[in-house]
1. Test A:T81 against the stated conditions and say whether it is open to solvent by less than 20 Å² (accessible area, probe 1.4 Å), modelled with pLDDT under 95 and either out of contact with any Ser or Thr (no Cβ under 7 Å at 6 or more places or on another chain) or in the same structural domain as A:P154 (by TED's automatic domain parsing) (or both).
2. State whether the residues of region D:198-207 include one that is within 14 Å of chain A (Cβ to nearest Cβ), over 30 Å from A:N21 (Cα atoms), among the basic types (K, R) and in a helix (DSSP H, G or I).
3. Just name the residue that is nearest to A:G24 (Cα to Cα) out of those in region D:137-146 that are open to solvent by 10 Å² or more (accessible area, probe 1.4 Å) and touching a Gly at 6+ places or on another chain (Cβ under 9 Å).
4. Is it true that some residue in region D:107-124 is within 12 Å of D:L82 (Cβ to Cβ), open to solvent by 20 Å² or more (accessible area, probe 1.4 Å) and of a type in the set (A, V, I, L, M)?
5. Looking at D:F33, is it over 20 Å from C:A99 (Cα atoms), open to solvent by less than 60 Å² (accessible area, probe 1.4 Å), at pLDDT 90 or above and not in a strand (DSSP E or B)?
6. Out of region B:99-116, which residues are more than 11 Å from C:G24 (Cβ to Cβ) and of a type outside the set (D, E)?
7. Looking at A:R134, A:R165, can you tell me which residue is assigned by TED's automatic domain parsing to the domain that holds A:T49, open to solvent by 70 Å² or more (accessible area, probe 1.4 Å) and in contact with a Ser or Thr (Cβ under 7 Å, 6 or more places away or on another chain)?
8. When only residues in region C:1-59 that are under 27 Å from B:L118 (Cα atoms) and of a type in the set (A, V, I, L, M) count, which is farthest from the other protein chains (Cβ to nearest Cβ)?
Number of protein chains: 4
Amino acid sequence: LKAEKLAYLYSPHFPYFVHVNKKGSVRLLRGTFYFWKNKISKSDLMFFTGDSQAQTIEGQYEISDLVLDFAKKHNVKLIVTLGGYRMEAKDKPNVIAAATNSELLNKALEAKAMLSPLESPIVGTAGLILGLSRFKKVSAICLLGETRGYLPDPRAAKSVLEVLRTILNLDVDLAGLEEEIAKAEKIVTRLQKIEEKRILQTEEMRKEEDKKVSYIS
Amino acid sequence: LKAEKLAYLYSPHFPYFVHVNKKGSVRLLRGTFYFWKNKISKSDLMFFTGDSQAQTIEGQYEISDLVLDFAKKHNVKLIVTLGGYRMEAKDKPNVIAAATNSELLNKALEAKAMLSPLESPIVGTAGLILGLSRFKKVSAICLLGETRGYLPDPRAAKSVLEVLRTILNLDVDLAGLEEEIAKAEKIVTRLQKIEEKRILQTEEMRKEEDKKVSYIS
Amino acid sequence: LKAEKLAYLYSPHFPYFVHVNKKGSVRLLRGTFYFWKNKISKSDLMFFTGDSQAQTIEGQYEISDLVLDFAKKHNVKLIVTLGGYRMEAKDKPNVIAAATNSELLNKALEAKAMLSPLESPIVGTAGLILGLSRFKKVSAICLLGETRGYLPDPRAAKSVLEVLRTILNLDVDLAGLEEEIAKAEKIVTRLQKIEEKRILQTEEMRKEEDKKVSYIS
Amino acid sequence: LKAEKLAYLYSPHFPYFVHVNKKGSVRLLRGTFYFWKNKISKSDLMFFTGDSQAQTIEGQYEISDLVLDFAKKHNVKLIVTLGGYRMEAKDKPNVIAAATNSELLNKALEAKAMLSPLESPIVGTAGLILGLSRFKKVSAICLLGETRGYLPDPRAAKSVLEVLRTILNLDVDLAGLEEEIAKAEKIVTRLQKIEEKRILQTEEMRKEEDKKVSYIS
């Protein structure tokens, strides 16, 4: 969407190291707010992304609170937090939705999101923002995509964004993600091959060792 | 008793996740105060239950202090904290009592509670509230039921409530608990059968492996 | 010495549980200040003992600071912290001394205390009080007795108190400790016998298992 | 350079023990600022060394912030943080540089420092000072020498100081380090021999055990 950077959030609750980029430049871990002016309808968008979760319990609450305050100050009416939940998606990854009010939740369900079948908790900032939003009188919804969890997962991202697009009534082109999905599939396939090879080698080694053992006796 | 909700206690010392219910609604972890108007005598009751213990030492002290302050503000004269201690109860689970003054303690002992035979400490909010109550000039007693500890234990609950009923001179019907006890017994019996089966299987597997070993040599 | 209780130190940095005594009475973990009026010379004594070390780094500094402030307020001129260091004492346990000034340290060395041979750090309140005392302009010395560390050790206590008695020029009768030493020796001897028995049993079991193994092959 | 001590930095975020020296004297863990008056040019130098890293995340940020504030107050224009990164240097240890502005970084690269090939983070005070310096409007650069990491490494120190010397245009004699390097080489060689011996012994023991095993069957 080509949103503009609006503000950074720095905190001593983020990990105590700095990032170094390829050019040797250094920066603290931080959260970033972006702003996107909607030229068609009146719904502008603000984004928040972070390098890391807060590292202490109190820090988790403090950062979620700061993000909410900033949103409130900029007149945000609806907050959407995005995340993933660990599950091997069979086909198209599902999206689980939870929200602060049922009207909002229904919009997500209509957009093919599901209720959490297991009443599992939502951990971290994505969950706490929802929990704290009622005290700030802001509506909030959380969308979680099914993902393996150990790699960036554009397929899960696509599922989540499709729901989001419908809820916000936005015309976003997700074609760029298809390319990412193809790339990610290749990486996963390659990793699986490496893993298979590793298992085979381990078996070979065990057979060799078994031979050794029989040789001894 | 059908008590009414009076107030919630939220804190950044509770775990940093939110609960999601079956309807997709979200809430922070919290403590809840209930109030019960006594229509017969003058002793009204206030209850406090929590989703979780505070996650840091300082949080433990802070939450216990907040609960005491709230009770004090609402003119509470006697605080009873309830809990469990891990021990396999042979027959009817015992109840151990500790209190801030001996008069109060004696009431519990007359109601068939026991003194702690081992001078063991009381950990967490149930204990700290007692320890801190002397600074607020409120009487407090702690009742701990014998329990296996890894499952809700309605038999322990019943023992504790019987003592509590006598101390507070309340006419509470505990018949509903009998049903819970029957249910819980079934669950425990089922778990024990699963455990026995698991042990048998493990033994079978070991025997199989022993055979393998003899085969190799 | 029959010193009188002067004050308690409570802190949310102590562990979050309460002690229960034989009578079912409850109290928070705390530190206790005692005061002893010297009827012969002008040197009164103040004592501080604690149930537990502070549980966080910041708590360690805060408690040491509070103890120092209290001492300073009561006009204390010399602080002695006592402790142990883990080493199997061969004969009479040695006492290691460290101090904020050399004059004070020399007094301890004349009383047969030793310098630390290994420049090892002094961990916890006993050390931090010394480290912080220079900022409060109070002299301080730390005496550490050689001890096995896992049991109350009256022999180490006696060594430490003999040095302390000389430094403070006090006439304290340590005969009561002899009885304690005799008791402790008995406990240690009993524990050693249990340990020897356990080792023997373990060996027996291993032999049995060895037989099994040879039987299988 | 024979710099003078300027100030100490004490903090409850440092570990909770005190150092004892050979003379039985005690001191808290701390950071030390030194000052060196440049008699030739106008660039005076200030140094900061610490006994330990801060022990909590918030402490890490606080200490880095305090060091920066102190530097700012004393009109420091350029901050250089030094450190190591774990890698077995083949020949002469490399030096990796990262900086808050490219002009400064280029000076380091001209002095034969390298960019980080892996965009790895810089952990701890050396990194955070760089990350926080932009908010204080001070330039900062970090130089990290290749080192094995488990021993003082004068070869890595020499590499780092050569780069530093060029950046600061200082005439420092590093000949004293050559002696240190020779000493350190001997220690490493001795450790390697001990390690080789240990491996040999382990092998011997395994062979012995193999014999035992064959004997049993």
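The values are calculated or read from the model by the stated rules, or taken from the named source; none is laboratory data. Just so we're clear, the structure is a prediction, and the values are computed from it rather than from any experiment. Note: ideal-geometry Cβ built from the backbone for every residue, glycine included; neighbour counts use all protein chains shown. These area figures cover heavy atoms from the full protein model, side chains too; ligands, DNA and RNA do not enter into them. Shrake-Rupley method; radii C 1.70, N 1.55, O 1.52, S 1.80 Å.
1. So A:T81 fits the description; yes.
2. Yes: region D:198-207 contains one or more residues that are within 14 Å of chain A (Cβ to nearest Cβ), over 30 Å from A:N21 (Cα atoms), among the basic types (K, R) and in a helix (DSSP H, G or I).
3. It comes out as D:L144.
4. no
5. Against the criterion (over 20 Å from C:A99 (Cα atoms), open to solvent by less than 60 Å² (accessible area, probe 1.4 Å), at pLDDT 90 or above and not in a strand (DSSP E or B)), D:F33 does not qualify.
6. Of everything in region B:99-116, those that are more than 11 Å from C:G24 (Cβ to Cβ) and of a type outside the set (D, E) turn out to be B:K107, B:A111, B:K112.
7. None of the other options fit; the residue is A:R134.
8. Ranking the candidates gives C:L9 first.
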